[in-house]
Amino acid sequence: MFTMEHGVFSMNPFRKRTGIFPSYFTGRDDELNELREIYESTQAGAAGHIIIYGPKGIGKTCLLIKFEEELKGVDEVYPVRIPLIEGDFDEIYTLIIDKAAETLKIGEGNFWDDITSLGVNIPLAGGFTVSRKRPTTSPSVALERILKSIYNKLTGENPVLILLFDDLQRIIPNKGTNKVLNILQNALVELNLKGMNVMFVATGAHDIFSQIQDHLDSAVRIFEPYELKPLSKNEVNDAIFIPADNEGVKFAEEVIDSIYKMSEGIPYYMQVLAYNCFAEAVDGKVGVNELKKSFPRSLDLLAQREFRGMYEKSTNEERNILGLMAENPKEILSYKEIKEGLKLKSEPSFWLRAMVNKNLIIKKSRGKYCLRDRLFKEYLRTFKPYRENGTY
Ligand SMILES: Nc1ncnc2c1ncn2[C@@H]1O[C@H](COP(=O)(O)OP(=O)(O)OP(=O)(O)O)[C@@H](O)[C@H]1O
Ligand SMILES: [Mg+2]
């Protein structure tokens, strides 16, 4: 964590993991504007709801944290950030109640009485255990009642409750996207109709909407889908140069350029690459040599945490396709090249579709595919895991 620079200890300002707020937050102006607009509209009585989605490490959690930070100190707005944990939908009640009680400091007095008298059987933290009988009400009514009792505890003329749900996919059972969004929608619509300003912001994995064939499905009518995109070159530049400079370390322009190219603007990758470069700084400088020296460590870290697991989740057929795509110098391969390259007798469309859903590959356009990102390709080329079963 600490390195000696000119006799003073400097702290590595970069992050090796997702879910940790960066020391310098870059970009996301459009996203924050969008969120601000929805907030203002909600306050004016026309509630808005949004689901921000994107792949691992694109910056979903940090965007929520940033928005939450911005709202702190604004009167009559009450943001509650709820990191969702793996589980079924029933646990969402407990999570909401606990987080709201903690964040809004409404755990005192009659709040718990209100909750326990809702006729919703929920296991409660903080000493309460209400017997877990089958809920007598439907999930959306239960949710509506819970949110209503939270909303009623807010002070002010026209308070706005903002629910920030991080990682919505975690509470969605297989193929149950429609159902969960439907429950949320019913509860939110009822609350909004009753004049309660509740705004819902959720983040979700890249495929949160893909299970729902028709995006205009009534189940998701009120949720605006918003895809979180990679950072621009300038945003990456600031995110690396400024925090390093604050610690007395100068990154060479070529290094930042290379990090931008390798990370493709994905904040997680950018942070990992910059972290390991920073650790190699010599005389307060990071040049191309330090990047080269540190790169294997970055790749190793990502291999262990992400890429190996992604690879291992793939089937043998999919591994052959990954091998073919990794070893091919071309970035994008056509359906025909994949079929011929593997000398397949049958059509590979089924596997390709499965691989797109698993986010192993991306469909660029009709019949054109590439690996999910450059670092994943680099991992495959370096470690060649497909050699193990000898197919490639
Ligand atoms: N705007 C930003 N500026 C600088 N760094 C950022 C920014 N957004 C995210 N990061 C950094 O990138 C990494 C990933 O961010 P974050 O955890 O928000 O991604 P995520 O999409 O929530 O990932 P996961 O899919 O694992 O939940 C973290 O180290 C974070 O500090
Ligand atoms: Mg996250």
**OP:** Provide the gained length on full extension for the span residue 103 to residue 349, in nm with one decimal, where the gain is 0.36 nm per separating residue minus the Cα-Cα distance.
**Re:** 83.7 nm
Original post:
If the cut-off is a Cα-Cα distance under 17 Å, which lysines reach residue 194, setting aside same-chain residues fewer than 8 apart in sequence?
Top reply: 148, 153
**OP:** Quote the Stokes-Einstein diffusion coefficient, in whole µm² s⁻¹, for segment 231-310, based on the Kirkwood radius over alpha carbon pairs, a temperature of 20 °C and a viscosity of 1.002 mPa s.
**Re:** 172
**OP:** Tell me what the chain gives for mean residue ellipticity at 222 nm when only DSSP H runs of n ≥ 4 count, each as -39,500 (n - 2.57), the sum divided by the residue total, rounded to 500 deg cm²/dmol.
**Re:** -13500 deg cm²/dmol
**OP:** Give the relative contact order (percent, whole number) for the chain; include only Cα pairs under 8 Å separated by 6+ residues.
**Re:** 19
Original post:
Which of the residue pairs 229/313; 250/364; 343/384 have a Cα-Cα distance greater than 30 Å in the structure shown?
Top reply: 250/364
Original post:
By how many nm would the segment from residue 300 to residue 29 lengthen if fully extended, with 0.36 nm per residue of separation less the alpha-carbon distance?
Top reply: 94.3 nm
Original post:
On a 0 to 90 degree scale, rounded to 10, what angle separates helix 253-263 from the longest Cα axis of the chain?
Top reply: 70
**OP:** Output the peptides 42-53, 328-339, 354-365 sorted from most to least packed, where packing is the average of other Cβ atoms within 10 Å over each peptide's residues.
**Re:** 42-53, 354-365, 328-339
Subject >> Inter-probe distance in nm under a simple model that places probes 7 Å from Cα toward Cβ, at residue 138 and residue 207 >> reply: 2.9
Original post:
For helix 233-246, what angle does its Cα long axis make with the longest principal axis of the chain, in degrees from 0 to 90 and rounded to 10?
Top reply: 90
**OP:** Note down the nm distance, to one decimal, between modelled labels 7 Å out along Cα→Cβ at residue 155 and at residue 289.
**Re:** 6.2
Original post:
Rg(Cα) of segment 314-387 divided by 2.2 N^0.38 Å?
Top reply: 0.98
Subject >> Where trypsin sites (Lys or Arg not before Pro) fall in DSSP loop in segment 15-112, at most 13 other Cβ within 10 Å >> reply: 17, 72, 105
Original post:
Which aspartates and glutamates does residue 377 reach when only Cα atoms under 20 Å apart count, and residues fewer than 8 places away in its own chain are ignored?
Top reply: 257, 264, 300, 306, 312, 317, 318, 327, 331, 337, 388
Original post:
Radius of gyration and Dmax for the chain's Cα atoms, expressed in Å?
Top reply: 23.9, 71
**OP:** With everything on Cα atoms, drop me the angle between helix 288-302 and the longest principal axis of the chain, reported from 0 to 90° to the nearest 10.
**Re:** 50
**OP:** Treating only the Cβ atoms of Lys and Arg (+1) and Asp and Glu (-1) as charged, compute the dipole magnitude of the chain about its Cα centre; round to the nearest 20 debye.
**Re:** 1760
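Bear in mind these aren't lab numbers, they're just calculated from the coordinates by the rules spelled out. Just so we're clear, the structure is a prediction, and the values are computed from it rather than from any experiment. Neighbour counts are summed over all protein chains in view; Cβ atoms, including those assigned to glycine, are modelled from backbone coordinates with ideal geometry.
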